[in-house]
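Beneath this line is the structure, given in structure tokens, with notes to follow.
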Amino acid sequence: MRVFKVPFDVKREEKIFGGYLSLRQVIYLMLSAASFTMLFLPISMAIKLTAILIISIFFLLCAFFKVNEQNFDKYFFYALKYLFRKKNFVYERCCK
């Protein structure tokens, strides 16, 4: 039986929506669009628009922006993990 090598690129996500968007990007775009449901809340319009703008920009950054060849969502969660984890610093003498 003949064996063929199948090319597989592990550095890129598979673009399954129209050849342009990955599943991760589509989910973040849907979350960004879902933030517009806050328009129906009974609070001040200025607060609504500010919240919608902040949430939409965050999800759009997660969908499309990369930091050092790493997706923004991973970068953001790694930064949060670094900020909130316990940091132990052990002092060891190197020379006697």
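What follows draws every value from the coordinates through simple rules; no lab data is involved. Being a predicted model, the structure only gives us computed values, none of them experimental. Positions of Cβ are generated from backbone atoms using ideal geometry, with glycine treated the same way; all protein chains shown enter the neighbour counts.
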*Placing +1 at every Lys and Arg Cβ and -1 at every Asp and Glu Cβ, with all other atoms neutral, what dipole size does the chain have around its Cα centre, in debye to the nearest 20?*
560 debye
*So how do ASP73, ASP9 line up by other beta-carbon neighbours within 10 Å, fewest first?*
ASP9, ASP73
*asked:* Students often get this wrong, so try it: which of (i) 50; (ii) 23; (iii) 61 is percent of Cα pairs over 20 Å apart as calculated from the structure shown?
replied: (iii)
_Placing +1 on the Cβ of each Lys and Arg and -1 on the Cβ of each Asp and Glu in the stretch 1-79, which of SER44, PHE72, PHE8 has its Cα farthest towards the positive end of the resulting dipole?_
PHE8
